[in-house]
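Asker: This is the structure, below, for whatever I ask next.
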Amino acid sequence: MTFTVLTAEFMHESNTFSRFRTDLPQFQVDTLLYGDEAMRARRNANTELAGFMDVAEPAGWSVIHAISAHAVPGGQVTKAAYDHIAGIILQAARSNRSRLDGVLLGLHGSMVPEFCQDGEGYLLGLLRAELGADIPVAVTLDLHAMVSEDMVRHAQIFVSYKTYPHVDMREIGAHAARILDRAMRGEIAPRTVRAHVPMLDEANSGRTDIPETLALYDRAREAEAAGLLAVSVNAAFTGADVSCVGPTVLATYDSRDPNAEAAARHVTEELADSIWQGRTSKRNVFIEVDEAAAEALAWRGDKPLVIADYADNPGAGSYGDSTALLKGLLDVGAEGAVFAPMVDPEASAELHQHKEGETVTVTIGGKGDARFGGGPLTVTGVLRKLSDGTYVGDGPIQGGLAHSFGSTAVIDVDGIEVMVVSEAQQMVDLQQLRAFGIEPTARRVLVLKSMQHFRAAFEPIAGKVIVCDAGALATPRAERRRYIRAPRPLWPLDKDFERFIRLRP
Ligand SMILES: [Zn+2]
C-alpha cells in the first residue's frame, strides 16, 4: 500500500525581547524553498527533510513537500510571513485532503508570531481542523522548543533533537517518520504526554555535553529502548516571554499498549523532576569582559583560545552587534584575534564604498539596543576583505548547506580582524571564516557569537574555550529582561516555591 504524506519545514525561534521583527526577507535570506526546490537543496544534508525521505523512499510513500522555511532566530514573526508560510502548508493539506494518510512537519517549537504566543500550536490547530481528528500528524522539534498543551493536543507524534550543538536533525527526522509509517500501517496508535517545568533557565544550562545533562538524554534513550516510541527533553528558550515558557518532557507512546501510557507518564515526570531538582546547579561558567580580555592577552597556546560571546548569540535572537567584548579586547591590546560576526548592515555598506587594503574609520555595532552589550564603537583599521557574504558550510551542522552573511567586510583593527556583516548568523562552521580569508587555525584568539553550537566545529581546533557574558540581549542574567506573559512563580525569577503547588488535605 502506498501512503501519501504531506511534509513541510517551518522553523523559527522568536526572541520576543528583540525590537526587530522576522519577516519574509529574513526567511528568504536563510531558507524559503518550495516543493521540489526544497527537496533538491535539503535532501542530502543534515536536515529533518532528509531524515523524512530516508524513511519515505524505502517505504514507498508518495511525498507532497509543501515548503521549507527557516530564518535565523530574531524578533517575532510578522503576520504576513506567518500567513504566507502557514498558508502554503494549509493549502497543500486542503487540496490533497482526500488522499493524505499522514502529515510530517519539521517545526522548531519556540516560534512566536506577532499575533499569538504559540506559532506551532496555532498551525497544528488549523491543520487539525482542516484534516479531521484521525489523521496521524508527526512533528519534529528543536531541543529548545517550548511545547504548549495545544501542540500536544493537535498532533500525536513528537520527536525532538537530543543534541546541542544540534547535529541529529536527520536522525530525528527519520525517527518521526518511522513512527508515522507504523501509525499509517495501523500497527500502533500514537499519543503524546507532556510534563512541564516552571523554569525560565534552560534545562541544561545551555550544555548537553556534560555528564549531568547527558544523563537526561541517556534516560530518554533508555525509555525508548524499553518500548516508548519517543522521549524528548525540551530544554526551552529564555528569549521568549510567552505563557508556555519552560522546559518540557514529551513521551510518545502506543495507546493500544495497556501499559504504555503509565510508562510514558512515569518517564516524563521523572525527567521533569530531575530538571527541577537540578535547577540550582551551575553548569556553565560565564566570565566578565575584563577577565576574557585578560585571558586573550595572555594566551600562549599553540591552538586558538575560543571565546564565546554568549549573550550576543544571533542564534538566540540577539542583535549580534554588541560591542562590549570587542572594546574590552581593544582596550587591553589583544592581537592576532578574530571577532565574528559584527552584524551591522550600515557599517558593511560603508566599508563596501572602499577598496581592500585601504585604511578606513568606521562606526560599528551597538545599534540594536545599547543598554544590552554596549553602544556604537568608532574604529580605524585596514580593510582586508570585501565579499557578498555567501559560503557553503562543511561542518557537522551546516555541511553542504549554502548560507549568507549578506554584504560582508573584514577590517583589521589593531590586530583584531572584525567581520562586519549584514545578516545575522551564529558562528557554527569553520567556513564562516575561511570563506572570508580568515584561517581560524592560524589565529591566536577567536571570538565567536554563539552560545553552544560553535563547539561542534570550533572545539576540535581550540586550545581552550571560555564563555563570556558581555551583557547583550541573550544574557543569562534573566532578571535583566522584563517578563510579563510568562506565568509566575517561575525559577529563577522566583526562588521560594515548589514545582507542584501542594493542596491542603
Ligand atoms: Zn535549538
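Asker: Nearest 500 deg cm²/dmol is fine: what mean residue ellipticity at 222 nm does the chain get from its DSSP H runs of n ≥ 4 alone, each adding -39,500 (n - 2.57), divided by its residue count?
Answerer: Working: 14 runs with 147 residues, N = 505.
Estimated from H runs of four or more residues: -8500 deg cm²/dmol.
Asker: So how strong a dipole does the chain carry about its Cα centre when Lys and Arg Cβ are +1 and Asp and Glu Cβ are -1, to the nearest 20 debye?
Answerer: 840
Asker: Same structure again: Work out the length of the dipole vector of region 286-475 about its Cα centre, built from +1 on the beta-carbon of each Lys and Arg and -1 on the beta-carbon of each Asp and Glu, and round it to the nearest 20 debye. Write down the numbers at each step before the final one.
Answerer: On the way: 14 positive and 26 negative charges, 61 e Å.
Result for region 286-475 is approximately 300 debye, rounded to the nearest 20.
Asker: Using the Cβ atoms and a cut-off under 15 Å, what net charge is assigned to the surroundings of residue 39, where Lys and Arg are +1 and Asp and Glu are -1? Present the calculation step by step, with values, prior to reporting the outcome.
Answerer: Working: positive: 40, 42, 43, 170; negative: 9, 36, 37, 48, 54, 57.
Residues near residue 39 contribute -2 overall.
Asker: Which whole-Hz couplings ³J(HN,Hα) result when phi for each residue of region 375-389 is put into the Karplus expression 6.51 cos²θ - 1.76 cosθ + 1.60, θ = phi - 60°, listed in order with x for Gly and Pro?
Answerer: x, x, 10, 9, 10, 10, x, 9, 6, 8, 8, 10, 8, 7, x
Asker: What is the dipole size for region 4-277, taken about its Cα centre, with +1 at each Lys and Arg Cβ and -1 at each Asp and Glu Cβ, in debye to the nearest 20?
Answerer: Approximately 600 debye in magnitude.
Asker: Under a point spin-label approximation (7 Å from Cα along Cα-to-Cβ), what is the residue 494-residue 116 distance to one decimal in nm?
Answerer: So the label points at residue 494 and residue 116 sit 2.7 nm apart.
Asker: Also, I was wondering about something else. If each residue of separation counts as 0.36 nm, what is the full-extension length gain between residue 130 and residue 394 once their alpha-carbon separation is subtracted?
Answerer: So the extension gain works out to 91.0 nm.
Asker: Further question: Per residue of region 432-439, in order, report the coupling 6.51 cos²θ - 1.76 cosθ + 1.60 (Karplus, θ = phi - 60°) as ³J(HN,Hα) in whole Hz, putting x for Gly and Pro.
Answerer: These are the phi-based 3J(HN,Hα) values: 5, 10, 4, 5, 10, x, 10, 8 Hz.
Asker: List every residue whose amide H lies under 5 Å from the amide H of residue 77, counting only residues 5 or more places away in sequence or on a different chain, with H placed 1.01 Å from N in the peptide plane.
Answerer: Hits under the 5 Å cutoff: 22, 112, 114.
Asker: Obtain the radius of gyration and the Kirkwood radius of the chain from its C-alpha atoms and give Rg over Rh. Please report the intermediate quantities before stating the final value.
Answerer: Numbers: Rg = 22.7 Å, Rh = 23.2 Å.
That ratio is 0.98, to two decimals.
Asker: Which net charge results for the neighbourhood of residue 170, defined as the other residues with beta-carbon distances under 9 angstrom from its beta-carbon, given Lys and Arg at +1 and Asp and Glu at -1?
Answerer: The answer is -4.
Asker: If we count other beta carbons within 10 Å of each Cβ, what is the order of 307, 364, 210, 188, fewest first?
Answerer: Least to most surrounded, the residues fall as 210, 188, 364, 307.
Asker: Something else now. For residue 439 and residue 459, what does the FRET efficiency come to when R0 = 22 Å and r is the distance between their Cβ atoms, rounded to the nearest 0.05?
Answerer: Here the calculated transfer efficiency is 0.80.
Asker: Moving on. Once the Cβ-Cβ distance between residue 218 and residue 300 is put in as r, and R0 is 22 Å, what FRET efficiency do you end up with, to the nearest 0.05?
Answerer: Details: r = 38 Å, r/R0 = 1.71.
Efficiency, rounded to the nearest 0.05: 0.05.
Asker: If you don't mind, another one. Towards the positive end of the charge dipole of region 1-68, with charges on Cβ (+1 Lys, Arg; -1 Asp, Glu), say which of 4, 44, 16 has the farthest Cα.
Answerer: 16
Asker: Need one number: nm distance between label points at residue 332 and residue 359, each 7 Å from Cα along Cα→Cβ, rounded to one decimal.
Answerer: Here the answer is 2.7 nm between the modelled labels.
Asker: Counting other beta carbons within 10 Å of each Cβ, put 344, 218 in order, fewest first. Before the final figure, lay out each step's value.
Answerer: Working: 344 27, 218 12.
Ascending Cβ contact count within 10 Å gives the list 218, 344.
Asker: Hey, another quick one. Highest first, please rank the peptides 480-486, 159-165, 136-142 by the mean number of other Cβ atoms sitting within 10 Å of their residues.
Answerer: Order by mean packing, descending: 136-142, 159-165, 480-486.
Asker: Please report 354, 166 as a ranked list, fewest other C-beta atoms within 10 angstrom at the top and most at the bottom.
Answerer: The fewest-first ordering by Cβ neighbours comes to 354, 166.
Asker: Using 0.36 nm per residue, how much length does the chain from residue 270 to residue 288 gain when fully extended, once their Cα-Cα distance is taken away?
Answerer: Residue separation times 0.36 nm, minus the Cα-Cα distance, leaves 2.9 nm.
Asker: Is region 286-475 rounded, prolate or oblate when judged by the Cα gyration tensor, a ≥ b ≥ c being the square roots of its eigenvalues, rounded requiring a/c under 1.5 and prolate requiring a/b larger than b/c? Please list the in-between numbers first.
Answerer: Working: a/c = 1.21, a/b = 1.06, b/c = 1.14.
Rounded shape, in that the Cα axes give a/c under 1.5.
Each value in this text was obtained by applying a stated rule to the coordinates, not by laboratory testing. Since we're looking at a predicted model, the values are computed, not measured. Cβ coordinates were reconstructed from backbone atoms using ideal geometry, including for glycine residues, and neighbour counts include every protein chain displayed.
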